[in-house]
Amino acid sequence: MISGRLRKTEYVVDLGALKHNIQAQRAALPDNSRILAVVKANAYGHGLVPVAQAALAAGATGACVAILDEALELRDNGIDALTLVLGITPVEFAHIAATAGVSLTVGSLDWLQEYHQLAQLNHWTTPLKVHLGVDSGMGRIGFTTVEQFKQAVEMLKAPEFEFEGMFTHFATADSADATYFEKQVGRWQKFVDSLETLPPYVHMANSATGMWHQEHITANTVRMGISMYGHNPSGCEIKENLGLQPVGTFKTAIGFVKKLKAGESVSYGATYTAKEDEWLATLPVGYADGYPRALSSFKVMIDGQFCPIAGRVCMDQMMVRLPKYYPVDTPVILMGKSGQVELTPTDLAQQVGTINYEILTGINERVHRVYKN
């Protein structure tokens with residue numbers, strides 16, 4: 001099977017760097033802490049199954065995904081470690097999760113009551129593993145009152161359930177202003193204190209909390225997301241402190257070279273016109289690959305130096321101005337390191353007015369992933 005490998009555009013995933021990042025986070029936590037590797041959205045663009053396998057091999061206890069489909073893909077590929085679906089799964093599909101041993105997030109009494117009725121009606125005997133979500137201020141999903149939360153805990157004593165965990169998610173843990181974060185921590189603690197016996201997995205720390213708020217962690221498990229891939233959750237607002245190593249390098253190669261004469265224009269809209277004779281390279285990559293059109297005024301790296309993009313990024317191709325002639329097949333780095341220069345997902349994100357998460361998850365699946373250890 002060679003489909004997808006016939007174009008010299010690829011995303012190189014360094015699993016050794018992934019292992020380093022997990023071990024760096026573990027070293028910053030108490031000895032009994034566990035790490036759940038967040039591999040949703042195709043492992044932030046790095047490849048769901050290979051990354052999950054590597055994370056578990058590096059010491060992660062389990063994995064977190066966004067939807068049940070992702071969890072089942074892990075199961076289909078032989079990964080039987082704890083796998084938690086962070087989003088809300090429709091009740092009618094929950095028995096599939098139970099059968100597969102997949103853990104589900106639950107955030108309401110209605111959901112539990114409906115599943116209880118379905119389980120009784122259909123004689124489902126395999127317990128469903130549940131993590132109760134606590135909305136401490138994210139405003140997305142989860143219980144908002146301790147009273148309903150405690151009712152849910154009581155419901156989980158029924159034989160069709162297994163109370164495996166509880167968690168919350170912070171909205172501003174990556175912000176220099178910790179006011180709202182500390183308010184959320186206070187709300188979360190009320191839920192924790194309401195229980196005489198805690199479930200096996202208690203997690204309230206995301207990447208940012210695990211990096212910058214370790215003293216506030218009142219839990220035994222950390223969900224490691226973007227930091228696992230070697231990037232700063234805050235972008236540039238707070239300095240990264242774990243010595244993270246970027247896991248992915250987005251690269252291509254020159255596909256066509258020509259001499260552009262002064263006065264000639266390039267790409268859609270003719271937005272770029274050469275002021276003098278210059279060398280121009282066409283690259284076989286574009287916004288359909290996840291390289292945003294909004295980067296049309298940005299730069300790439302060739303031979304350890306920055307080269308400006310000439311004109312608008314096309315769907316499948318883009319053009320760059322060369323400082324001198326380079327032949328076809330010369331390597332081009334779109335994101336990563338080239339010699340002494342570097343472009344990070346944060347650099348790309350700042351150029352287009354978004355966050356590094358969106359840059360990473362936007363790299364299309366038609367870009368072949370290459371894994372190295």
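Of note:
- Of all residues in the stretch 191-210 being touching a strand residue (DSSP E or B) at 6+ places or on another chain (Cβ under 9 Å) and part of a helix (DSSP H, G or I), the one that is nearest to Lys150 (Cα to Cα): Phe191
- Lone unmet requirement of (1) of a type in the set (S, T, N, Q); (2) within 19 Å of Ala66 (Cα to Cα); (3) over 22 Å from the mean Cα position of the chain (by Cα) for Thr126: (2)
- Odd one out for Glu365, checked against (1) open to solvent by 50 Å² or more (accessible area, probe 1.4 Å); (2) out of contact with any strand residue (DSSP E or B) (no Cβ under 9 Å at 6 or more places or on another chain); (3) under 24 Å from Gly235 (Cα atoms); (4) in contact (Cβ under 8 Å) with a residue 60 or more places away in the chain: (3)
- Residue within the stretch 289-298 that is under 23 Å from Gly16 (Cβ atoms), in contact with a helix residue (DSSP H, G or I) (Cβ under 7 Å, 6 or more places away or on another chain) and either surrounded by fewer than 21 Cβ atoms within 10 Å (Cβ to Cβ) or not basic (Lys, Arg) (or both) present: no
- Taking each residue of the stretch 46-72 that is closer than 22 Å to Gly290 by Cβ and looking for partners that are open to solvent by 10 Å² or more (accessible area, probe 1.4 Å) and in a loop (DSSP other than H, G, I, E, B) with beta-carbon atoms closer than 7 Å, six or more apart or interchain, yields Val49/Asn77; Ala52/Ile79.
- The strands (runs of 3 or more DSSP E) falling completely within the stretch 288-329 that include 2 or more residues that are farther than 19 Å from Pro345 by Cα map to 318-322.
- Checked against (1) over 28 Å from Ala208 (Cβ atoms); (2) outside any loop (DSSP other than H, G, I, E, B), Glu342 passes all but condition (1).
- Taken over the stretch 35-63, residues that are within 21 Å of Gly362 (Cβ to Cβ) and either touching a His at 6+ places or on another chain (Cβ under 9 Å) or among the acidic types (Asp, Glu) (or both) amount to 2.
- Test: residue in the stretch 169-190 that is modelled with pLDDT of 95 or more, outside any helix (DSSP H, G or I) and open to solvent by 40 Å² or more (accessible area, probe 1.4 Å): no
The values are calculated or read from the model by the stated rules, or taken from the named source; none is laboratory data. No experiment lies behind these values; they were computed from the predicted model shown. All Cβ positions, glycine included, derive from the backbone under ideal geometry; neighbour counts span all protein chains shown. These accessible areas exclude ligands, DNA and RNA; they are computed on the full protein's heavy atoms, side chains included. Shrake-Rupley method; radii C 1.70, N 1.55, O 1.52, S 1.80 Å.
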